[in-house]
Amino acid sequence: MSHVSYINLSFHPDYKKELVATFYLEPAGKFNEAAEAVAGESSIGSWTDLSTLKLSVAKRLKATVFYLNEKQKIIKIAYPLELFELGSIPQLLSSVGGNIFSMKMVKNLKLIDIEFPEKYINSFQGPALGIAGIRKALKVKDRLILGAIIKPKVGLNPDEQAELSYDLWRNGIDLIKDDENLTSLSFNKFEERAKKVLAMQKKVEKETGKRKIYAANITAPPDIMLERAKLVKSLGGRCVMVDIISTGLDNVQYLRKQNLGMIIHGHRAGHSAFTRNPRHGISMLVVAKLARLAGVDQVHTGTVVGKMEGDAESVLRINELLREDWNDYHALRENWSKLKPCLPIASGGLHPALLPKLVSILGNNLIANFGAGLHGHRDGSSAGARACSQAAEAIAANIDLKEYAQTHSELKEALEQWADVRYKYRR
Ligand code: CAP
Ligand code: MG
């Protein structure tokens, strides 16, 4: 019976041939023993030596803990690429995101980051259109893209939603999206909604000469999801939205493989069930990388200033390179081997007054989505859309919002209405 050891601190991983995972680890007992158990359980080992494991196989396939920092509770593990099935996110997660979270030897464990070899990255298609494709679809070169979420989340019928969409698009919104829980409900069936909203999209485009996007929420079991995507395509739609956590990343990948030529909008509802606890689970950075591999063109990553959890460092780290000492920065907007860049979406509690800070932190190569901070405007949704557009115009012209509001009444109203709200959101 051969004993396999998984720790080797003089090991230097070959980033071309090995996948490297960084974990935060709180052991139940000894740090080294827990680290060894994590490496074993996520590669070829178990709780005792195995008569079936040949030493030659173990040498080739075992994972190696090559970095241990007990004080910071960080470990890095290199996994030979042979351990992974190319192009399969479920198989990856069953390994580095699997049994290890359940082990008694581990008190808390968080998968913080994964660095992938090029061969692994390129076994996925990644975004079909990417940032350049989204901007081309909208004919918007480099400004902030303004998105609106239909609110209430559910409750409008297809006619009401189509009318509302028309008003929002007419008042400066580029992209309109269904909310995460609006799929096909008795009072708002997918097919009828898609037909009516996309007819309005065509009408507005004709009237304004501007391109618009409707992110139709096709989230469903995969066969139905695909039917809905094909319907959107046949109606001239440019984009479909998928709840990537609830529907699963392999279903996103399946959709991407159909090569329908439409933007895939990734909504991440539910991610915090495993990303939010800083000591246990899987980070949003990892989720964002996997979503990009699977093929989303744009994905929610947080606002920093809005209603959802997520500080500047973590959101920036997902969106792009922030610091030179981060050796892996291939999250969304940077080049990542052959995969196209992916556009971050800032959403959740945004209203016009928060826009300058949002742009100063995250830049303008992103989509800013407004829901209640638009439909909650005391003069209604059209006024709310104008207020959001005016805020974006002011930022683009480098004019202070308050000054711009002197000559733009909808913005003025919005600034007054939500003057105090942002403080409620402060951490
Ligand atoms: C925002 C939103 C989005 C969240 C998702 C909502 O609405 O429609 O789903 O932004 O969060 O339902 O809360 P409001 P994240 O603008 O009315 O807040 O982008 O962090 O995944
Ligand atoms: Mg929502």
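List of remarks:
A quick yes/no check of all residues on (1) at pLDDT 95 or above; (2) at negative phi:
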{"residue": "S123", "(1), (2)": "yes, yes"}
{"residue": "P127", "(1), (2)": "yes, yes"}
{"residue": "K139", "(1), (2)": "yes, no"}
{"residue": "D142", "(1), (2)": "no, yes"}
{"residue": "I150", "(1), (2)": "yes, yes"}
{"residue": "V154", "(1), (2)": "yes, yes"}
{"residue": "L168", "(1), (2)": "yes, yes"}
{"residue": "E191", "(1), (2)": "yes, yes"}
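- Leading residue by the ranking (surrounded by the most Cβ atoms within 10 Å (Cβ to Cβ)) among those in segment 156-183 that are within 13 Å of ligand 2 (Cβ to nearest atom), part of a loop (DSSP other than H, G, I, E, B) and of a type outside the set (A, V, I, L, M): D178
- The set of residues in segment 357-383 that are open to solvent by less than 30 Å² (accessible area, probe 1.4 Å) and within 16 Å of ligand 2 (Cβ to nearest atom) comprises I367, A368, N369, F370, G371, G373, L374, S381.
- Within segment 122-150, being open to solvent by 50 Å² or more (accessible area, probe 1.4 Å) and either assigned to a strand (DSSP E or B) or of a type outside the set (A, V, I, L, M, F, W, C) (or both) holds for N122, Q125, K136, K139, K141, D142, R143.
- Filtering segment 68-91 to residues that are in a helix (DSSP H, G or I) and touching a residue at least 12 places away in the same chain (Cβ under 8 Å) leaves L81, E82, L83, I89, P90.
- Among the residues making up segment 26-67, those that are surrounded by fewer than 19 Cβ atoms within 10 Å (Cβ to Cβ) and either within 16 Å of N108 (Cβ to Cβ) or free of Cβ contacts under 8 Å to residues at least 12 places away in the same chain (or both) are E26, A28, G29, K30, F31, E33, S46, W47, T48, T52, S56, K59.
- For segment 301-318, a residue qualifies if it is within 16 Å of ligand 2 (Cβ to nearest atom) and either open to solvent by 10 Å² or more (accessible area, probe 1.4 Å) or small (G, A, S) (or both), and the qualifying residues are G302, G306, K307, M308, E309, G310.
- Counting only residues that are of a type outside the set (D, E, K, R), more than 16 Å from ligand 1 (Cβ to nearest atom) and in contact with a Lys or Arg (Cβ under 9 Å, 6 or more places away or on another chain), segment 135-189 holds 11 of them.
- Pairs meeting the criteria (first residue in segment 282-305 and acidic (D, E), second residue assigned to a loop (DSSP other than H, G, I, E, B), beta carbons under 8 Å, at least 6 apart or on different chains) are D297/P127; D297/A128; D297/L129; D297/K340; D297/C342.
- I75 being β-branched (V, I, T) and touching a helix residue (DSSP H, G or I) at 6+ places or on another chain (Cβ under 9 Å): yes
The values are calculated or read from the model by the stated rules, or taken from the named source; none is laboratory data. Note that the structure is a prediction, hence the values are computed from the model and not measured. Glycine also receives a Cβ, built like all others from the backbone with ideal geometry; neighbour counts cover every protein chain displayed. SASA here: full protein model, heavy atoms, side chains in, ligands and nucleic acids out. Shrake-Rupley method; radii C 1.70, N 1.55, O 1.52, S 1.80 Å.
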